[in-house]
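The values are calculated or read from the model by the stated rules, or taken from the named source; none is laboratory data. Please read all numbers here as calculations on a predicted model, not as lab measurements. We place every Cβ from the backbone using ideal geometry, glycine too, and count neighbours over all the protein chains shown. Areas reflect the complete protein model, heavy atoms only, side chains present, ligands, DNA and RNA absent. Shrake-Rupley method; radii C 1.70, N 1.55, O 1.52, S 1.80 Å.
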Amino acid sequence: MGLLASGMISACTGSNNPNANGSPAAGSSPATGTPAANASAANNEPIEITLVSYAVTRSAYEKIIPLFVEKWQKERGQTVKINQSYGGSGSQTRAVIDGLEADVVALALGQDVEKIEKAKLIEPGWQQEAPNDAIVHKSVAALVTRPGNPKGVKDWPDLAKPGLKVITANPKTSGGARWNFLVLWGAVTQTGGTPEKAESFVKSVYANVPILPRDAREATDVFLKQNQGDVLINYENELLLAQAKGQKVDYVVPATNISIDSPVAVVDQVVDKRGTREVAEAFVKFLYTPEAQKAFAEAGFRPIDPAIEAQFSDRFGKVTKLFTVKELGGWDAIQKQFFADGAIFDKIQTKQ
């Protein structure tokens, strides 16, 4: 479990350094943003693009990138160098808005890409520029328990039991923790319950939360390193990745769950400036191929390719009711209803 503390990196947290955990592809160097990129595409000279993503995708992209580079070289006779930057999805989003030149962003929340769009770096309609509304892979929420699950936690209602201590981050400061809040809310409303019942249930769960860490990484440390709490809300992909590294993890995937959808987008302003649109769009398209989808599955993410999903079905928890952000109203409505100042989460905390 100590290894898990260092191995489980939150999908939505990370260093404030936008290049934390990042490593350029072999032989690559930081993107220059010079007009030379425009000429390289026409002359088959080497061309660079930069991928900015969130931390736990790294193991997948380190398999995918060489496959794409090889394919592009074979088909176009051109060498592509792909720089990679990994960190928390929120910090990566801010870095791109503040000037980190990403040709492609692959983030943990659609809301993060929408922020880059609002900064006028990505053109509206990016969801329609890639298959599956630009969602490239997905995951679900999971409940990490103490070894042997001594409290018998099996489903979301168990989190409201008196005396149980639940560890989750603060959804006001953590993008990942918003998924945790939303899965609790949707576990009621998406199974026939009213918003009033959902609010009552979520309030009961947060009454069992002894501390609200700033982000999901801190929440993991509280649970594993500080040994606080009986159950930690985390993500299936992180737990599968931990198991793949030989770490023993006890966890449950509730049958009613939220689809944690991860989008990908080309950063229009950057690719048009650098003359890299063609290769950036080709890279995004490649992410939907069976080879890339298999790499995502091997890294613990649920692929969106049905054939690959069926191939890896045995490793994923069985979910019978899967709902999405769209069914909860979309990110703009969710922000206003739940996480804005004075919205439902603030009211729940005030009433505790």
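Brief remarks on what is shown
- Boolean, GLU70 is among the charged types (D, E, K, R) and modelled with pLDDT of 95 or more: yes
- If the condition is being over 16 Å from SER89 (Cβ atoms) and assigned to a loop (DSSP other than H, G, I, E, B), then region 212-239 contributes LEU212, PRO213, LYS225, GLN226, ASN227, GLN228, GLY229, ASP230.
- Options LYS151, LYS165, LYS197: the member that is modelled with pLDDT of 95 or more and touching a Pro at 6+ places or on another chain (Cβ under 6 Å): LYS165
- Residues being within 15 Å of SER262 (Cα to Cα) and open to solvent by 10 Å² or more (accessible area, probe 1.4 Å) - total across region 85-100: 1
- Within region 255-269, tally of residues that are in a loop (DSSP other than H, G, I, E, B) and crowded, with 23+ Cβ neighbours inside 10 Å: 1
Listed here are the residues, each with its yes/no results for (1) over 19 Å from the mean Cα position of the chain (by Cα); (2) hydrophobic (A, V, I, L, M, F, W, C).
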{"position": "LYS321", "(1), (2)": "yes, no"}
{"position": "ASP332", "(1), (2)": "no, no"}
{"position": "GLN337", "(1), (2)": "yes, no"}
{"position": "ALA343", "(1), (2)": "yes, yes"}
{"position": "ILE348", "(1), (2)": "yes, yes"}
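- Verdict on VAL52 being modelled with pLDDT of 95 or more and either open to solvent by 50 Å² or more (accessible area, probe 1.4 Å) or under 27 Å from VAL325 (Cα atoms) (or both): yes
- Qualifying residues in region 288-297 (those that are in contact with a Pro (Cβ under 7 Å, 6 or more places away or on another chain) and under 26 Å from TYR251 (Cα atoms)) - the one surrounded by the most Cβ atoms within 10 Å (Cβ to Cβ): PHE296
- Screening GLY176 with (1) within 21 Å of SER259 (Cα to Cα); (2) modelled with pLDDT of 95 or more; (3) surrounded by 17 or more Cβ atoms within 10 Å (Cβ to Cβ) gives one miss only, at (2).
- Annotation note: of ASP314, ASP215, ASP305, ASP221, the sole residue that is modelled with pLDDT of 95 or more and not hydroxyl-bearing (Ser, Thr, Tyr) is ASP305.
- Unique residue being open to solvent by less than 10 Å² (accessible area, probe 1.4 Å), within 20 Å of the chain's Cα centre (by Cα) and at pLDDT below 95 when the list is ASP112, ASP103: ASP112
- For region 243-254, a residue qualifies if it is open to solvent by less than 40 Å² (accessible area, probe 1.4 Å) and among the aliphatic types (A, V, I, L, M), and the qualifying residues are VAL249, VAL252, VAL253.
- Summed over region 231-280, the residues that are within 23 Å of TRP126 (Cβ to Cβ), of a type in the set (Asp, Glu) and touching a residue at least 24 places away in the same chain (Cβ under 8 Å) give a count of 3.
- Top-ranked residue in region 332-352 [being among the hydrophobic types (A, V, I, L, M, F, W, C) and free of Cβ contacts under 8 Å to residues at least 40 places away in the same chain; ranked as least open to solvent (accessible area, probe 1.4 Å)]: ALA343
Listed here are the residues, each with its yes/no results for (1) among the hydrophobic types (A, V, I, L, M, F, W, C); (2) under 20 Å from ALA255 (Cα atoms); (3) surrounded by 24 or more Cβ atoms within 10 Å (Cβ to Cβ); (4) in contact with a Cys (Cβ under 7 Å, 6 or more places away or on another chain).
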{"site": "ALA134", "(1), (2), (3), (4)": "yes, no, no, no"}
{"site": "ASN170", "(1), (2), (3), (4)": "no, no, no, no"}
{"site": "THR189", "(1), (2), (3), (4)": "no, yes, no, no"}
{"site": "THR194", "(1), (2), (3), (4)": "no, yes, no, no"}
{"site": "ALA207", "(1), (2), (3), (4)": "yes, no, no, no"}
{"site": "ALA216", "(1), (2), (3), (4)": "yes, no, yes, yes"}
{"site": "VAL222", "(1), (2), (3), (4)": "yes, no, no, no"}
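- Residue satisfying all of: in region 136-150; more than 20 Å from the chain's Cα centre (by Cα) and buried (at least 16 other Cβ atoms within 10 Å of the Cβ); nearest to GLU291 (Cα to Cα) among these: THR145
- Search result, residues across region 115-135 that are of a type in the set (Asp, Glu) and within 25 Å of THR289 (Cα to Cα): GLU123, GLU129, ASP133
- Residues (open to solvent by 60 Å² or more (accessible area, probe 1.4 Å), free of Cβ contacts under 8 Å to residues at least 24 places away in the same chain and closer than 28 Å to LYS118 by Cβ) located in region 298-331: LYS326
- Close contacts from region 62-77, counting a first residue that is on the phi < 0 side of the Ramachandran plot and a second that is open to solvent by 70 Å² or more (accessible area, probe 1.4 Å), with Cβ to Cβ under 6 Å and a gap of 6+ residues or different chains, come to LEU67/GLU291.
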